[in-house]
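Presented below is the structure to which this report refers.
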Amino acid sequence: MTDPLRWAGYAASFARARERTGTDESVVWERAKIGDHETVVIRFEFGFLGGSVGTRTGALIEQALDEARSHRLPVVSLLSTGGTRMQEGVPALRQLQRIARGLVLLRQERLPHITVARHPTTGGVWASLGADADVVLAVPGAQVGFAGRRVRPERYADDPAYTAENQYAAGYVDELVAEEAIADRLEVWLSLLTGASQNRPADLPRALGALDPAPDGWQAVLRARSADRPRAGAYLDDYFDTRVTLRGGADDGVLCGLGSRGGRPIAFAAQTGTATTPGGFRSATRLLRLADRLGLPVLTLVDTPGADAGPAAETAGAGNAIAELFGTIAAAEVPITTLVIGEGGSGGALALCSADRIWLTPDACFSVIAPELAAGILKRDPEEIPALADALKPRPEDLLALGVIDGIAGPEPVTFLR
């Protein structure tokens, strides 16, 4: 042990913790197999001084991350901690920087990190090794948050904000997993995160809706807006054998995750037909960056009347979020396949589009602006909206003739060779 502050009684507490748990510190790590996947597993022992981080803990975690980098292995962190060990003061606190640096180096090697927040997971460990992971799982009922029970105001001691369920609802936890199911779920996630094989684009999904062309632009818009048209969920179910979701905020208008198609992992970001919020664009950016780092091809499904134009969205940085996604797609080294399955509304739709592989379903449309908004800008009467819609040339056939899309999807999927 180290005792930089010479804290009264600390040596005795440390000895009791060691005897009680059979471990030399609050963290142990090992190479272990989860299903067929060789991994480095970092495990916190809460019975050892509350799973707290001491001056030796950072070194142990750094060793684990070095092992993962040296042997190109994914990392799984099983957390259960109260935060930094106060008896070792600021020297212990600064271990969080050491952990953060180790995670940066892991990402630079394009290796995935999954964390599991068990009860409790609080303090600096949640804010470093936990919340910064590529995928965050949590056990239902666990206390999860930066402020631990004994340091937050007493009136908030039992506030549901500090729970795994709330972190999930807010989009900071990707999946709630019962203790007995952790190993199985880790195997599923590892299969999708580590299965990149070749830099071939994702297959183009088959069209699920109407296959006949719309007679004019206004009919194309109305058909794309129809409640009966297949939406993202139907396309994802038809396309993937299995899939998992990376969480975002509620009602953000984008579904993001990883799926397996014919044993091949593919990342996806799919708009759900509603106006996309800044949080939705940021979720897509997170997904694209993860896929690009791990070498996974990406499928995007476009279906939105446009970006959320309300004051709350503007305050949340709508333009900034869209710009970040544009830049992420432009910089991506992995292939991105885009299928517009509904209404493609202006920049809010284009932000999710591939730079070089865009297709439309026959019952979709894409326009620089909604015809109703065009009428407002041009000061036209409402009865002129259908004619304006046709003038905007939003039909797949119009866009193909203009040379701005690659094709129109049919009843069979398309496999791209490169």
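The values are calculated or read from the model by the stated rules, or taken from the named source; none is laboratory data. What you see is a predicted model; the values in this text were computed from it and never measured. Note that we place each Cβ from the backbone using ideal geometry, even for glycine, and neighbour counts take in every protein chain shown.
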Practice task
Report yes if some residue within segment 218-235 is in the same structural domain as Pro386 (by TED's automatic domain parsing) and among the hydroxyl-bearing types (Ser, Thr, Tyr); otherwise report no.
Solution key: yes
Practice task
Go over the candidates Ala267, Ala307, Ala224, Ala220 one by one and state the one that is under 14 Å from the mean Cα position of the chain (by Cα) and crowded, with 22+ Cβ neighbours inside 10 Å.
Solution key: Ala267
Exercise for the section: Inspect all residues belonging to segment 245-255 and state whether any of them is among the hydroxyl-bearing types (Ser, Thr, Tyr), in contact with a strand residue (DSSP E or B) (Cβ under 7 Å, 6 or more places away or on another chain), part of a strand (DSSP E or B) and buried (at least 18 other Cβ atoms within 10 Å of the Cβ). Expected result: no
Exercise for the section: Return the only residue of Gly233, Gly262 being at pLDDT below 95 and surrounded by fewer than 21 Cβ atoms within 10 Å (Cβ to Cβ). Expected result: Gly262
Practice task
Kindly check whether there is at least one residue in segment 72-80 that is among the polar types (S, T, N, Q), over 21 Å from Leu246 (Cα atoms) and in contact with a His (Cβ under 9 Å, 6 or more places away or on another chain).
Solution key: yes
Completion exercise
Of (1) in contact with a Leu (Cβ under 9 Å, 6 or more places away or on another chain); (2) without any contact (Cβ under 8 Å) to a residue 24 or more places away in the chain; (3) β-branched (Val, Ile, Thr), Thr163 satisfies every one except (1)
Handout entry: Subset of segment 329-340 [touching a helix residue (DSSP H, G or I) at 6+ places or on another chain (Cβ under 8 Å) and buried (at least 21 other Cβ atoms within 10 Å of the Cβ)]
Key = Ile329, Ile336, Leu339, Val340
Completion exercise
Conditions (1) over 25 Å from Arg150 (Cα atoms); (2) in contact (Cβ under 8 Å) with a residue 40 or more places away in the chain; (3) part of a helix (DSSP H, G or I) -> Glu67 fails only (2)
Exercise for the section: Collect the residues in segment 44-77 that are farther than 19 Å from Arg98 by Cβ and touching a strand residue (DSSP E or B) at 6+ places or on another chain (Cβ under 6 Å), keeping them in residue-number order. Expected result: Phe46, Leu73, Pro74, Val76
